[in-house]
Amino acid sequence: MMKTLLVALLFASPILAQEQTASAPAATRGGCGPSELQFDVLTNKNQHPLAPAESGKAVVYIFEDMEHGPTMKVGLDGAWVGANKGKSYFFFSIEPGDHQVCTNWQSGFFKKTALRIGSAMTLKAEAGKVYYLRVQVYERSEQDHNVKLEPVETAEGQFLISASAFSTFHPKK
C-alpha cells in the first residue's frame, strides 16, 4: 500500500508542477511583462536627475552599463516599467515588500521567438531605502550573449548616476 502511494506521488508531482507552470501567465514569470511590448528609448548624457522622495516608498535605479548596448526592458511584478539603451539609467518608486524585478533584451528577432535573453531577481524593498541595480550584458560572441541583473553598492550607484545618460522611454506603436 505504502509503495503504491509513493509511486503515485512520484508520477503526480511532475504533472502538477507542469500544470502550475503552464497555467502561470508567461508575462509574470520572473517579473517580466509581455514579450510583444517594445520601447523606444532616448538618452540624454547632459541630464542626471535623482528620484524624488515619495513617503512610504522605496526607490529603484536601474543601470545598463554597456556603451552602445542593446535596449533592455525592465519589468516589475509582471509588468514592464521602462527601458535603457546603452550606458544609461532610469528610476521608479515601489511599495515596500518583495518584488520580482526582470530585465529582458529587446529585439525584433527575440520578439518573434520564445527566446528571452535576460535576468531576474527578487528585491525586498523597505520604505525610504534606495536600491541600485545594474544590467550587465556579456558578449561571448556575436551570437552568444548573457545578461545579469545584480545589485550594486550605494557609492557605485551614485557614481553610475553621474557617469550615465538618463533614459526616457515610451511604448512603440
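Points worth noting:
- In region 119-135, the residues that are touching a residue at least 40 places away in the same chain (Cβ under 8 Å) form Cβ pairs under 6 Å with partners that are assigned to a loop (DSSP other than H, G, I, E, B) and surrounded by fewer than 18 Cβ atoms within 10 Å (Cβ to Cβ), at six or more places apart or across chains, as follows: A125/P96; E126/P96; A127/G56; A127/P96.
- Which numbered condition Q136 misses (of (1) at pLDDT below 95; (2) more than 16 Å from the chain's Cα centre (by Cα)): (2)
- Region 149-167 residues that are touching a residue at least 24 places away in the same chain (Cβ under 8 Å) and part of a helix (DSSP H, G or I), paired with ones that are surrounded by fewer than 18 Cβ atoms within 10 Å (Cβ to Cβ) and of a type outside the set (A, V, I, L, M, F, W, C) (beta carbon under 8 Å, 6 or more apart): I161/H48; S162/H48
- Hey, M2 at pLDDT below 85 and under 24 Å from M121 (Cβ atoms) or not: no
- Residues in region 101-115 that are modelled with pLDDT under 65 and among the aromatic types (F, W, Y) were compared, and the one that is nearest to the chain's Cα centre (by Cα) is F110.
- Matching residues, region 116-133, being modelled with pLDDT of 95 or more, assigned to a loop (DSSP other than H, G, I, E, B), among the charged types (D, E, K, R) and farther than 18 Å from L160 by Cα: E126
- Any hit, region 44-58, residues being modelled with pLDDT of 95 or more, of a type outside the set (D, E, K, R) and under 19 Å from E150 (Cβ atoms): yes
- Across region 59-85, the number of residues qualifying as surrounded by fewer than 22 Cβ atoms within 10 Å (Cβ to Cβ) and in a strand (DSSP E or B) comes to 8.
- Residues in region 39-58 that are in a loop (DSSP other than H, G, I, E, B) and hydroxyl-bearing (S, T, Y): S55 alone.
The values are calculated or read from the model by the stated rules, or taken from the named source; none is laboratory data. Everything quoted here is computed from the prediction, not taken from an experiment. So basically every Cβ, Gly included, is an ideal-geometry build from the backbone, and we count neighbours across all protein chains shown.
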